[in-house]
Structure formats: C-alpha cells, structure tokens
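The values are calculated or read from the model by the stated rules, or taken from the named source; none is laboratory data. Since we're looking at a predicted model, the values are computed, not measured. Note: ideal-geometry Cβ built from the backbone for every residue, glycine included; neighbour counts use all protein chains shown.
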Amino acid sequence: MPQKVLGRDFFARSVHEVAPDLIGATFLFGGAGGVIVEVEAYHHTDPAAHSFNGLTPRNAVMFGPPGYAYVYRSYGIHWCVNFVCEAEGSASAVLLRAIAPSEGIDAMIDRRGTDDVRALCSGPGKVCAALGITNAHNGLRLDRAPYRLLPRNRDVDIVTGVRIGITKAADLPWRYGLAGSRFLSKPFRGAA
C-alpha cells in the first residue's frame, strides 16, 4: 500500500500551523530528497513576504490555491522552493531551508559537486541545486510527481527562532527546525 502524501488539505491551514508540522516530514523530488529539518513561514501580512506588496508575475503562484510549489530565484543566483499555504488569495508560504539527505544521494552529490553529505542540502539554494529544482517546477502541485511530501512518522522536537537573511520583520520567530539536527543551514541561537 503506497504511503499517503501530504495534499492540499494539509496546506490549506495557517502558515504558522503548516511550518512546524513540516519538520520531520519527508520531501522528495524526482526520487531524491530526505527529511525536512528546517523551514521558515512567510505570511501575507509580513513585510518580508514576496506577496506583501501585492500580486506580480513572479509571486502569482502564492496567490493561488494551497499545495503548490512557489519557486523563485534568490539574489539572481539560487533557486528556492516554497509551499503555498492557506486559502486561495492569502499568498502565504513556507520556505524549505534544509533537509537531511536520505534518497538519491549520489545524484545530489553530482549536482552539487561535493561529497559532504551534511552540506548537500543545508540551505534553501543548496536544496534546490541538489534536487535539480528550477523555475520549470514553479506552480506544480506538491502532491504529484515530480514532488512528493510524506508525513512525519514519529514525534519530533522542534526549535524556533528568527528567520535568516532578511531585513524586514527580522525579529519574528518564524523559523522552525529539528532540534539537534546536523543538517540545519545555521544553528538556532537562543532557540525556544
């Protein structure tokens, strides 16, 4: 019996409920991936959210229904993948920051050019580079190939902290991580 994937109902909730519930879930793309160990929440009322200033061609997916991938280029260099949450029109999403690689590791090593498994997916740009996610995968459903998200199968300890690499609303504790994971993009300082 195939394992149930996380579908639109999972994402059709507050971004602040979805984000911590993703920690410990498994994210696969084209057969490669691993356990989600770090995410950040971005609500449409948040000045750091791409949707804060309204609909644009770049962020249009965020305004659509939940359960879709929003892929964008960060600093003109790295692709980043987000999971659209809440009701259509809300324009809220969760940024995938890091995973613990477990599937398709050889392919990830080839794409990233490093055999340091800890560093393969320890940042949002690294995740997309390792998995081969680009703008060609923007706007695709998360419950269909090439994406696959599986619910966590055990209880996890989650830490929270401020988000990384932003200047607006930088004090909001909307970063969530798997306590003690060596695959985080950066350690949590003063984590709750």
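Things to note:
- Index of the failed condition, Gly123 passing every other in (1) touching a Gly at 6+ places or on another chain (Cβ under 8 Å); (2) surrounded by 18 or more Cβ atoms within 10 Å (Cβ to Cβ); (3) within 22 Å of Ser185 (Cα to Cα): (1)
- Checking each residue in the stretch 129-155 for being in a loop (DSSP other than H, G, I, E, B), of a type outside the set (Lys, Arg) and exposed (fewer than 15 other Cβ atoms within 10 Å of the Cβ) picks out Thr134, Gly139, Ala145, Pro151, Asn153, Asp155.
- Qualifying residue in the stretch 25-36 (condition: more than 19 Å from Ala130 (Cβ to Cβ) and either assigned to a loop (DSSP other than H, G, I, E, B) or in contact (Cβ under 8 Å) with a residue 40 or more places away in the chain (or both)): no
- Look at (1) in contact with a helix residue (DSSP H, G or I) (Cβ under 8 Å, 6 or more places away or on another chain); (2) over 20 Å from Phe188 (Cα atoms); (3) of a type in the set (D, E, K, R) and you find that Asp46 fails only one, number (1).
- Just one of (1) without any contact (Cβ under 8 Å) to a residue 60 or more places away in the chain; (2) in contact with a Gly (Cβ under 9 Å, 6 or more places away or on another chain) fails for Gly180. It is (2).
- Residues in the stretch 142-170 that are over 14 Å from the mean Cα position of the chain (by Cα) and closer than 19 Å to Ser51 by Cα: Gly165, Ile166, Thr167, Lys168, Ala169, Ala170.
- Residues in the stretch 166-181 that are touching a helix residue (DSSP H, G or I) at 6+ places or on another chain (Cβ under 9 Å) and at pLDDT below 95: Trp174, Arg175.
- Filtered by the rule that a residue be in contact (Cβ under 8 Å) with a residue 60 or more places away in the chain and either aliphatic (A, V, I, L, M) or surrounded by fewer than 19 Cβ atoms within 10 Å (Cβ to Cβ) (or both), the stretch 73-84 gives Arg73, Val84.
- The numbered conditions (1) of a type in the set (S, T, N, Q); (2) within 18 Å of Arg148 (Cβ to Cβ); (3) modelled with pLDDT of 95 or more are all true for Ser14 except (2).
- Applying the condition of being among the aliphatic types (A, V, I, L, M) and assigned to a strand (DSSP E or B) to the stretch 37-48 and asking which residue is modelled with the lowest pLDDT yields Ala41.
- Among the conditions (1) modelled with pLDDT of 95 or more; (2) over 30 Å from Leu55 (Cβ atoms), Ala192 misses just one, which is (1).
- Counted residues, the stretch 88-125 - those being without any contact (Cβ under 8 Å) to a residue 40 or more places away in the chain and either assigned to a loop (DSSP other than H, G, I, E, B) or under 15 Å from His78 (Cβ atoms) (or both): 10
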